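Single-structure report; data block below.
What follows draws every value from the coordinates through simple rules; no lab data is involved. A quick note: this is a predicted structure, and the numbers were derived from the prediction, not measured. Heads up, the Cβs are rebuilt from the backbone with ideal geometry, glycines too, and the neighbour counts pull from every protein chain shown.
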Amino acid sequence: MRVKCVICDAIHELPSDLPLAKKLRNRPIHTFMCPACTDRVAENTQKRIETGKFRFFRTSSKFDEEF
């Protein structure tokens with residue numbers, strides 16, 4: 001199955017029998033991010049969390065206090 005990364009628009013090939021491929025086929029709202037973009041987003045999010053100015057929305061205040 002050919003998939004396109006939503007951030008970098010790179011086209012990747014996924015085996016059709018993977019659970020991720022089935023999820024992408026059956027639920028169009030789900031999107032694919034390549035591993036490079038996933039790592040970059042996680043890294044930048046961690047940097048923002050470490051600044052102390054980053055707030056999680058849609059969570060309980062108890063969860064925010066733990067960070």
| request: Using just the helices of the chain, give the 222 nm mean residue ellipticity in deg cm²/dmol: DSSP H runs with n ≥ 4 each add -39,500 (n - 2.57), and the total is spread over all residues, rounded to 500. | output: -13500 deg cm²/dmol
| 3J(HN,Hα) from dihedral phi, region 41-49, Karplus parametrisation 6.51/-1.76/1.60, rounded to Hz, x for glycine, proline | 5, 5, 5, 5, 5, 4, 4, 5, 4
| field | Spatial extent of region 2-66: Rg and Dmax, with the Cα atoms as the point set, Å | value | 15.8, 42
| Label points 7 Å out from Cα along the Cβ direction at S16 and K47: separation in nm? | 4.1
| said: Using Cα-Cα distances under 8 Å and only pairs 6 or more residues apart, what relative contact order does the chain have, in percent? | reply: 23
